[in-house]
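Presented below is the structure to which this report refers.
Taken together, the values in this text are just the output of simple stated rules run on the coordinates, not laboratory data. Source: prediction; values computed, not measured. Don't worry about glycine lacking a Cβ; one is built from the backbone with ideal geometry, like all the others, and counts go over all protein chains shown.
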Ligand SMILES: Nc1ncnc2c1ncn2[C@@H]1O[C@H](COP(=O)(O)OP(=O)(O)O)[C@@H](O)[C@H]1O
Ligand SMILES: [Mg+2]
């Protein structure tokens, strides 16, 4: 499927939190690779360290041990990661377009050069015409679209998404899944997507990484060979059911 070098390699990654009550082993030992332009999901029980893992990859949290290799030729983690959190985390006093431009300010790039790009990204996420609205004028799904545009503005290779649609109603969530696949294929990004939705992970991904309960280790990396582009109908196919059962079976073993 991919003969090239990984964009990101994670080897025996461990995280121990030091708390007032002692040590808490969050990541036991996590090892996997992500290749350019892949869509990879991570599923695992609540509290197994999924958010911890994404934050370490993004450089927001130090690891305890293990290694993260990036292909330096194509990837500088300080600039090449876009993060979409569970909550949109928009600044309420800023217009939509100025929220999208926030990473440009943080990276101290020339904002004027990115205004057209911000507009194009808002169009990509289906929000053209809302540039000058304020976040509280948008629905939850629309706010999450803004945060996706914000994660793409500085053109990172890797997008990390932490249960981005978890707070949305079921119908909006399914619509966002389809939208995300379109955005992914149009933008040619690599996406690492955390979810506790097993169906969602299978529907979206090239590969689903299943983590055990804390201290987490990888139980399985399941290749999803459903054809693309994917439509909602694939969810009712026999193959989809087989993949779901496999993931459920893995998680039951934890
Ligand atoms: N800053 C922290 N200090 C101490 N423990 C933490 C901290 N952040 C998370 N944890 C603990 O680490 C474990 C993994 O948390 P997290 O990565 O948020 O899991 P997940 O995202 O899979 O639900 C949980 O038991 C959580 O309580
Ligand atoms: Mg989490």
Return the whole-Å distance between the Cα centroid of the stretch 198-212 and the Cα centroid of the stretch 111-132. 30 Å
Within the chain, the percent of DSSP beta bridges that are antiparallel, given to the nearest 5, stands at 50 percent
Where does helix 115-124 land angle-wise versus the long Cα axis of the chain, in degrees 0 to 90, nearest 10? 60 degrees
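Assuming 1.306 mPa s and 10 °C, estimate D for the stretch 172-254 with Stokes-Einstein, Rh taken as the Kirkwood radius over Cα pairs, in µm²/s. Please report the intermediate quantities before stating the final value.
Details: Rh = 13.5 Å.
Translational D for this selection: 117 µm²/s.
At 0.36 nm per residue, minus the direct Cα-Cα distance, what do residue 69 and residue 231 gain on full extension? Give it in nm, one decimal, please.
Numbers: separation 162, 0.36 × 162 = 58.32 nm, distance 3.43 nm.
Length gained between residue 69 and residue 231: 54.9 nm.
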Equivalent ellipsoid, the stretch 87-141 (semi-axes from 5 times Cα gyration tensor eigenvalues, Å): 18, 14, 9
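Using per-residue counts of other Cβ atoms within 10 Å, averaged over each peptide, order 88-99, 237-248, 28-39, 200-211 from highest down. Kindly include the intermediate steps, with their values, before the conclusion.
Values: 88-99: 16.9, 237-248: 14.1, 28-39: 19.5, 200-211: 23.7.
Highest-to-lowest ranking by the protection proxy: 200-211, 28-39, 88-99, 237-248.
Against the globular-protein guess of 2.2 N^0.38 Å, express the Cα radius of gyration of the stretch 111-194 as a ratio, rounded to two decimals.
Working: Rg = 12.5 Å, N = 84, 2.2 N^0.38 = 11.8 Å.
Ratio of Rg to 2.2 N^0.38 Å for the stretch 111-194: 1.06.
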Using only the Cα atoms of the stretch 30-178, what do you get for the radius of gyration and for Dmax, in Å? 15.9, 47
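Based on Cα coordinates alone, diagonalise the gyration tensor for the stretch 6-52, multiply each eigenvalue by 5, take square roots, and list the semi-axes in whole Å, largest first. Please report the intermediate quantities before stating the final value.
Details: eigenvalues 128, 30, 10 Å².
Three semi-axes, in Å: 25, 12, 7.
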How much of the DSSP beta bridge set in the stretch 89-237 is antiparallel, as a percent to the nearest 5? 50 percent
Cα long-axis angle, helix 140-152 against the chain (0 to 90 degrees, to the nearest 10): 90 degrees
Just to verify a number: FRET efficiency for residue 245 and residue 20, C-beta to C-beta distance, R0 = 35 Å, to 0.05? 0.25
I need the shape label for the stretch 12-100. Rule: rounded when a/c is under 1.5, else prolate if a/b > b/c, else oblate, with a, b, c from the alpha carbon gyration tensor. oblate
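When ranked by the protection proxy of mean other Cβ atoms within 10 Å per residue, highest first, what sequence do the peptides 127-133, 81-87 form? Display every interim value, and only then the final one.
Values: 127-133: 14.7, 81-87: 20.1.
Per-residue mean Cβ counts within 10 Å order the peptides as 81-87, 127-133.
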Expressed in angstrom, Rg and Dmax over the Cα atoms of the chain are 18.2, 53
